[in-house]
Amino acid sequence: MASSLTTEIKQRLIALVRENFALELEDVVSEIPPKTELGDLAFPLAFDLAKRIKAATGEKKNPREIAAKLAEGLKTGPGVARVEIAGPGYLNVFFDRARTFSQLANPQSAIRNPQPGKLIVEHTSINPNKAAHIGHVRNSVLGDTTARILKATGETVEIHNYIDNTGVQVADVVVGFMHLENKSLAEIKAIAERPVTKREDSFDYYCWELYSRVGQWYEGDKTRLQIRAQTLHEIEEGNNATAEIGEYISSRIVDCHLETMARLDISYDLLARESEILHLHFWAHAFEKLKASGAIVFETEGRSKGCWVMRAEEGRGDRETGGQGETESEHDADKIIVRSNGTVTYTGKDIAYHLWKLGKLGLDFHYRLLRHDHHGREVWITTGDEAAGSKSHPTFGNGTAFLNVIDVGQSYPQANVKKAVVALATSVEERARVARSAHLAYEKVTLTPAAAVELGTELSEADQQRQQIGMSGRKGLGVKADDLIDRLEAKALAEVQSRNTDISEAQQQKIARQIAVAALRYFLLKYTRTSIIAFDFEEALKFRGETGPYLQYSVRRLSNIFSELGRSTDDVRGDFAKLSPEEVTAQFSGEAGDTLWSLVYFASRLDDTVQLSASTFEPTHVAKYAFQLADQFNTFYQDKRFHILKESDPKRKTVLLIAVDVVRQKLSQALSLLGIEVPEKM
RNA sequence: GCUCCCGUAGCUCAGUGGAUAGAGCAUCUGCCUUCUAAGCAGAGGGCCGCUGGUUCGAGUCCAGCCGGGGGCACCA
């Protein structure tokens, strides 16, 4: 479409530069001019060429002169209406609007070129010991949306949710039940399985509160930390009563998390559990491979004596004058993988897991079908028990690269994991593929002081001065995901009921849910990954302005035009096919024509935006695009010159309807990529 | 000490080295007899943290400062 035309024009420019100036360009930079009047595509390349020509021949050329030469060769090509030289030497290209529009009018199939290999996207990965909070939701929404966008570019994506069911955080809640509440497994089960009439009764909320109490309990007497260490040890060991309790609690909490995420239309292909990584001895295999490859070495001296370490980047302190400090600072940066007592660190286990993700470990999990998600798709979970595993499970892992959505605080261990995995790649090609793996680091969600107060926290004077306050599971301070979704749904329901009295209550509730999801997902996607979100209730609960509901409302308006019209889009396309290129062109001329064209042209840029988002793993680009397209449409919609249904000229009406249909399709696609559904009524 | 991120309108944030730096919110002024108010039009509001450098061109790249937040365990 427009993007293929861009590529074509770039190729022709490269050829023109070769013919006219005997220079070889690898690529040509293009940009979108700030105003429609300046054209559809601008090339600032004449400035650069002037310099290169001078360097090559000594001849001084005016950029405008160069641009004029290129314009001469460019303006005769297909798809190009005209070419202008602007300012100090911009080459501005105007598309053949009728031709571009007609191509857009015929929706091509949504199937993209399938890409080779499989990307493993890991997201969510919440410690299974308490309710999910808004920070976890940011992770899940980023991961889910990134996966949707990658799939749209033709990638095969497998979605994993890592379950750290044998970690300290689970141990803490086990300690809470066993030592603070003196509860047996049966009693814990009674709590977890009791009927839930209000949100606070649910098990993950119970554990949220208990976890915070355990933190205080440790504070009261530090020797109690020994109980935690012992509990953790028993959980890791397995096959004992403590481990059984840990297994039960973490499994129930995982169920809660899956329900929470399902509310936001988020699901997974596989839940990979740490207990299996331990019990199936993934590390032992990884250790042999790491040793054999030289990726880790045994330290015989210095502060890491007796440990297996991964060397820091070599050549770090080369330019130092070479004092005593040099070797020490070099070795400071080495990452210990196996401690001197022979036990493996977290990073070591994570390396083993990631070797498995890429099919490089030589071991596999056993799998069992956990459930069918809200769309009826299978969700699998790992198991260490071969007998419990399914004989006919899908193939998991064996990815060409992994993408981990993990908060920015984990950058250091994540970098070490990738370093180790890349070091084990056996060929240059494989290294290149694996190197695509990335840590999709995102910033935290913090609380504004106002939000913290609203959650019932008493702030110290120092905290009141701060711009933001960190959430803390340990302190029980945070915005629980289900609470927030509940509030959004309640607010949305009130809005829906005030506007749509003619539909059933069930229908009102469904719409309210869709609006709540849109509001929350868009709220989390409108920020770049690296921006800290200081959570504010007022901001998050907004349905106006730059929000998800605004986008939904825009699509509703687009669709209403067709329902009021009472004709199908296919029908209108039939009319459109009968128009001559001249008749279409006529609608795109003049001031009104420019306005119409800029709307259509912006709509055509969805594909480019999706590519940008996919290559940078930054879903916010699609979110911003959707908002801008909706914004532009709404302006158009209220423009007196474009009252579509009242349009008396049937040809003009047809063109306007096709334009609206193009915008509707692109906006709907964008929303679908963002995980936002469009309600039937609003 | 080393390292990563952030600093743009009153607030929250966009801004692939290019043209007159944008949006939402908030404030103010208008617009519901409609394909249209979960919306639209308009107004005000900016030493793009500071100082240098590279470049035809810097909010964007480089260096150094200033301010804020992370990370740098034989923790996970």
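Computed per residue of chain A from DSSP H runs no shorter than four, each worth -39500 (n - 2.57), the mean residue ellipticity at 222 nm is -16500 deg cm²/dmol. In this structure the amide hydrogen of A:LEU41, modeled in the peptide plane, comes within under 5 Å of the amide hydrogens of A:VAL93, none closer than 5 places in sequence on its chain.
Seen against the Cα atoms of chain A and their longest principal axis, helix A:606-616 is set at about 30 degrees. If I model segment A:365-495 as equal point scatterers sitting on the Cα atoms and use the Debye formula, what is log10 I(q)/I(0) at q = 0.11 Å⁻¹? With no solvent term, the Cα-only Debye profile gives -0.77. At a Cα cut-off below 15 Å, give the aspartates and glutamates reachable from A:LYS646, other chains included and same-chain residues fewer than 8 away excluded. Output for A:LYS646: A:GLU564.
Distance between the C-alpha centres of segment A:638-682 and segment A:127-171: 35 Å, rounded to the whole angstrom. Placing R0 at 60 angstrom, the Cβ-Cβ distance between A:ARG82 and A:GLU386 gives a FRET efficiency of 0.30 after rounding to 0.05. For the pair A:ALA262 and A:PHE537, the difference between a 0.36 nm per residue extended length and the Cα-Cα distance amounts to 96.8 nm. Extension gain, A:ASN20-A:LEU363: 0.36 nm per intervening residue step, less the Cα-Cα distance, totals 117.5 nm. Normalised Debye scattering of segment A:480-682 at q = 0.15 Å⁻¹ gives log10 I(q)/I(0) of -0.98, counting only Cα atoms as equal scatterers and leaving out solvent.
Using only the C-alpha atoms of segment A:495-559, find the volume of their convex hull and express it per residue in Å³.
Hull volume normalised by residue count: 96 Å³.
Angle check, please: helix A:481-499 long axis (alpha carbons) against the longest principal axis of chain A (alpha carbons), in degrees 0 to 90, nearest 10. Helix A:481-499 sits at roughly 40 degrees to that axis. Within chain A, antiparallel bridges make up roughly 50 percent of the DSSP beta bridges whose residues both belong there.
Using 26 Å as the Cα-Cα cut-off, could you pick out the over-long pairs in A:LYS118/A:LYS335; A:LYS118/A:LYS419; A:LYS357/A:LYS475; A:LYS130/A:LYS418; A:LYS289/A:LYS357? Check vs 26 Å cut-off fails for A:LYS118/A:LYS335; A:LYS357/A:LYS475; A:LYS130/A:LYS418.
Annotation: lysines with alpha-carbon distance below 27 angstrom to A:LYS75 (same-chain offsets under eight excluded): A:LYS10, A:LYS35, A:LYS51, A:LYS54, A:LYS60, A:LYS61.
How big is the C-alpha Rg of segment A:189-279 next to the rule-of-thumb value 2.2 N^0.38 Å, as a ratio?
Expressed relative to 2.2 N^0.38 Å, the Cα Rg reads 1.26.
Backbone amide hydrogens, once placed in the peptide plane, bring A:ALA438 within less than 5 Å of A:PHE402, A:LEU403, A:ASN404, excluding anything fewer than 5 places away on its chain. Amide H to amide H, with H built 1.01 Å from N, A:TYR367 comes under 5 Å of A:THR383, A:SER390, counting only residues 5 or more places away or on other chains. Helix A:134-152 and the longest principal axis of the Cα set of chain A meet at an angle near 50°.
Give the separation of the Cα centroids, segment A:603-628 to segment A:469-487, in Å. The two parts, judged by their Cα centres, are 30 Å apart.
With a 1.4 Å probe and every protein chain left in place, work out the accessible area per residue of segment A:2-95 in Å², rounded to a whole number.
Per residue, segment A:2-95 has an accessible area of 52 Å².
Within the straight-line cut-off of under 22 Å between alpha carbons, the lysines reachable from A:LYS526 are A:LYS151, A:LYS444, A:LYS480, A:LYS491, A:LYS542, A:LYS624, A:LYS666, sequence neighbours fewer than 8 places apart in one chain being disregarded. Residues within the reach of a label modelled at A:TYR346 (point 7 angstrom out along Cα to beta-carbon, backbone nitrogen below 16 Å), restricted to segment A:228-250, are A:229, A:232-233, A:236.
A Förster radius of 41 Å combined with the Cβ-Cβ distance from A:GLU546 to A:TYR412 puts the calculated FRET efficiency at roughly 0.75.
Across all directions, the shadow cast by the convex hull of chain A built on its C-alpha atoms averages 38.8 square nanometres. Restricting the trypsin sites (Lys or Arg not before Pro) of segment A:44-98 to loop positions (DSSP other than H, G, I, E, B) with no more than 10 neighbouring Cβ atoms within 10 Å leaves A:LYS60.
Over segment A:480-682, with every protein chain in place, what whole percent of the accessible area is carbon and sulfur at 1.4 Å, could you tell me? Ligands and nucleic acids excluded, carbon and sulfur reach 49 percent. Separation of segment A:187-265 and segment A:46-110, taken as the distance between their Cα centroids, equals 64 angstrom.
The values are calculated or read from the model by the stated rules, or taken from the named source; none is laboratory data. As the structure is a computational prediction, the values presented were derived from the model and not from experiment. A quick note on method: Cβ atoms are made from the backbone with ideal geometry, for glycine too, and the neighbour counts reach across all protein chains shown. Just so you know, the surface numbers come from the protein's heavy atoms only, side chains and all, with ligands and any DNA or RNA stripped out. Shrake-Rupley method; radii C 1.70, N 1.55, O 1.52, S 1.80 Å.
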